[in-house]
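Since every read-out is calculated from the coordinates, none of them should be taken as a lab result. Keep in mind it's a predicted model, so treat the numbers as computed, not measured. Note that each Cβ is placed from the backbone with ideal geometry, even for glycine, and that neighbours are counted across all protein chains shown.
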Amino acid sequence: MKIKTIQLLLMGLAVLWGARAQAQDSSWAEKMFDKLDHDFGVVARGADTRYRLKITNKYQPAVHIASVTTTCGCTAAKPSKDTLASLETAYIEITMDTKKFQHQKDSSLTIVIDQPLYASIRIPVKAYIRSDVVLSPGGAAFDAIAKGADAERKIGVAYAGRANWKIKDVVSKNPNIVAKYAETRREGINVNYDLNITVKADAPLGEFREQLTIVTDDAGNPYIPLLVEGRVESDYAITPEIVSFGNLTPGQRKTVNITVRGKAPFVVEKIESETTSKVFEVHLPKSAQKLHVLPLTVIAPAESGPVQDEFTVTISGRSEPLTFKAKGTVVSGANTASADNAPATTAQTNNP
């Protein structure tokens, strides 16, 4: 009986020690997050409320996120990836449902890590969802837009509560994203505005996520956040961007196909190189097409050494040229393939 009592006592102590160890271990995991809470602030009903909580593995072993759960149906969260190598960064995407819920909402995430050690991290999340201001749609989602042309989205703002309510300004901290607003209706306590959000033609390539601020004349809560996100893609693509001719013998001719792809038929006006002369040849097509295959030929000079250049591709109607690079090495010796035996590398040219 005494032995059994001692065994139970030891088991209880082991469980208690394990729980304490796990609680203490969570501090190492907390250091990987850029913050340990998030407040969406005062937001409009229907607004897109999304936040990316950054997590970086600061340790040598890989970190595995076992689960991410929330305490309230008003909040959802999902990691961008569940395994992080050393020094790798990921995000926990946190969203708040502002369509079904109103007023003060308090929630929290629980992020469980099971490798290399166990840790449970709690992230409080809160927001105050206004019932008197409604956004439709909840944000300006641009998805994929082509560089070189303005892109526009319209947001409707509906207010109910005060007859003289008005929007005073819409502030954007990004010079490539501008907003204009216009009153469309005022009837009793109901006021409507249209917001026109524009991403400029010269916005840089890549993803963007910005929060604009609608400034109203409300004394208590004058600011309404508005999420703007999307991705700017090039309207044309060159493949490959770096052309490699490999090793060449003096005087050897070698050809590689360059493909230039657009979203609509276009004409290639000219291709120019920066420094080399009589080393590269290219044949230009005369008709407008969505996909051009351009044979680029190198004529290896007599001198040994590297051959490289940067080319600009001028497209009719496009002010900014495209660029690509070409490189190779002129060598001499029995191990270098002759011009007749050297295979040409051809880029894949699937139909659009």
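A few notes on this one:
- Between 0 and 90°, nearest 10: helix 2-30 axis offset from the chain longest Cα axis: 50
- With Cα atoms as the point set, the radius of gyration and Dmax of the range 65-113 evaluate to 12.8, 41 Å.
- The range 34-130: C-alpha gyration tensor shape, a/c 1.5 cut-off, then a/b vs b/c: prolate
- Computed FRET value (nearest 0.05) for Leu36 with Asn196, which takes r as the C-beta separation and R₀ as 35 Å: 0.40
- Taking 28 Å as the limit for the C-alpha separation, the pairs Lys54/Lys173; Lys81/Lys290; Lys100/Lys154; Lys254/Lys290; Lys126/Lys180; Lys99/Lys263 exceed it in the case of Lys81/Lys290; Lys126/Lys180; Lys99/Lys263.
- For Thr110 and Glu320, the FRET efficiency from 1/(1 + (r/R0)^6), where r spans their Cβ atoms and R0 equals 45 Å, is about 0.40.
- Pair Trp28, Leu291: separation of 7 Å Cα→Cβ label points (nm): 5.2
- In the chain, the DSSP beta bridges split such that about 85 percent are antiparallel, to the nearest 5.
- Per-residue ellipticity at 222 nm computed for the chain from its helices equals -3000 deg cm²/dmol, with DSSP H segments shorter than 4 residues left out and the rest contributing -39,500 (n - 2.57).
- For the chain, built as a Gaussian network whose Cα springs stay under 10 Å, the top-fluctuating residue of Gly139, Gly220, Gly328: Gly220
- A straight Cα-to-Cα reach below 18 Å connects Lys327 with the aspartates and glutamates Glu241, Glu272, Glu274, Glu281, Glu303, Asp309, Glu310, residues fewer than 8 places away in its own chain not being considered.
- Overall dimensions of the range 236-330 as given by Cα atoms, namely Rg and Dmax in Å: 13.6, 43
- Across Ala288, Ala149, Ala77, mean-square fluctuation computed from a Gaussian network of the chain (C-alpha pairs under 10 Å connected) peaks at Ala288.
- Of the trypsin sites (Lys or Arg not before Pro) found in the range 198-271, the ones in coil according to DSSP and having at most 16 other Cβ atoms within 10 Å of their Cβ are Lys200.
- Fraction of C-alpha pairs exceeding 19 angstrom in the range 163-265: 64 percent, rounded to a whole number.
- Each of Thr312, Met32, Ser244 was placed along the dipole of the chain (beta-carbon charges, centred on the mean Cα), and the one lying farthest toward the positive end is Met32.
- Average silhouette area of the range 148-213, convex hull of alpha-carbon atoms, in square nanometres: 4.8
- Rotationally averaged projected area of the chain (alpha carbon convex hull; nm²): 30.8
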